[in-house]
1. With (1) within 20 Å of A128 (Cα to Cα); (2) at pLDDT 85 or above as the list, and W74 as the residue in question, which single condition is left unmet?
2. Which condition number in (1) outside any helix (DSSP H, G or I); (2) in contact with a helix residue (DSSP H, G or I) (Cβ under 8 Å, 6 or more places away or on another chain) is the one that G177 fails?
3. List every residue pair whose Cβ atoms lie under 8 Å apart, where the two residues are 6 or more positions apart in sequence or sit on different chains, the first residue falls within the stretch 82-98 and is more than 12 Å from I15 (Cβ to Cβ), and the second residue, located anywhere, is of a type in the set (D, E, K, R) and in a helix (DSSP H, G or I).
4. Every residue in the stretch 126-135 that is out of contact with any strand residue (DSSP E or B) (no Cβ under 9 Å at 6 or more places or on another chain), within 14 Å of R104 (Cα to Cα) and part of a helix (DSSP H, G or I), please.
5. I'd like to check something: does the stretch 96-111 contain any residue that is among the hydrophobic types (A, V, I, L, M, F, W, C), in a helix (DSSP H, G or I) and farther than 14 Å from C20 by Cα?
6. Suppose we filter the stretch 149-187 for residues that are buried (at least 16 other Cβ atoms within 10 Å of the Cβ) and not polar (S, T, N, Q); how many remain?
7. Only residues that are among the hydroxyl-bearing types (S, T, Y) and not in a helix (DSSP H, G or I): list them for the stretch 44-60, please.
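The values are calculated or read from the model by the stated rules, or taken from the named source; none is laboratory data. Bear in mind that the values here come from a model prediction, so they are computed numbers and not experimental data. Please note: Cβ atoms are built from the backbone with ideal geometry, for glycine as well, and neighbour counts cover all protein chains shown.
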Amino acid sequence: MSVMEELNLVGCCGIFCGLCSKYQSKAPSRCIGCQLGEQHSWCSIYRCCVMKRGFTTCAECEEYPCERYSRRGWGTDQWSQTAQESLNSIKEIGMRGWLEEQRRRRLLLEDLLDNYNEGRSMSFYCLAVALMPFGLIDKAINELKEKLAINQIDNSDIKAKATTLRGIIQGLAREAGIELKLRKKGG
């Protein structure tokens, strides 16, 4: 997928769909992203930004951050804070530069899912890759590889690898002041 094809994974609100567990899922109910999917019809931000004004993201709008954006409760959880940071970044460095960073994040996430997911870590990895600097994720992977190299963890035990990597990532996030807290379903 080219950097500009990643444009289809940009939510107008600033969320990058390529880092979402609903997009990364292999389930039949998998989301294909805000730009391509039909699920956006319920989203007032999408209707305003894309359908009414013809923008790709709210970053293009002179009124951002507007009352409609704020009314959605944006800024009150980790994903919406990331969305706002993304829109600010798009304004600063442009869509192409921001997309290059998001592509790098998506590829890193897909590597984590391919090599260190025992079937229960997807949402955690999605959140970690969205919120943490690349260097911390790389540091966590390297620390895990060191443990594998000295046989502290069995390389064939995917559950042990996933558990260890999640612990390393969580510790590095905590040291950096980043809270990796998944929302509970229904709450």
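1. For W74, the failing item is (2).
2. So G177 meets the others, but not (2).
3. Close Cβ pairs satisfying both conditions: S89/E101.
4. First, pick out the residues of the stretch 126-135 that are out of contact with any strand residue (DSSP E or B) (no Cβ under 9 Å at 6 or more places or on another chain): 126-129, 131-135.
Then keep just the ones that are within 14 Å of R104 (Cα to Cα); that gives 126, 128-129, 131-135.
Within the stretch 126-135, C126, A128, V129, L131, F134, G135 qualify.
5. The answer is yes, given that some residue of the stretch 96-111 is among the hydrophobic types (A, V, I, L, M, F, W, C), in a helix (DSSP H, G or I) and farther than 14 Å from C20 by Cα.
6. 12
7. Correct list: T56, T57.
Residues are listed down the side, and each one gets a yes or a no for (1) of a type in the set (A, V, I, L, M, F, W, C); (2) touching a residue at least 40 places away in the same chain (Cβ under 8 Å); (3) closer than 15 Å to D111 by Cβ:
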residue: D138; (1), (2), (3): no, no, yes
residue: N142; (1), (2), (3): no, no, yes
residue: E146; (1), (2), (3): no, no, no
residue: S156; (1), (2), (3): no, no, no
residue: T164; (1), (2), (3): no, no, no
residue: G167; (1), (2), (3): no, no, no
residue: Q170; (1), (2), (3): no, no, no
residue: A176; (1), (2), (3): yes, yes, no
residue: K181; (1), (2), (3): no, yes, no
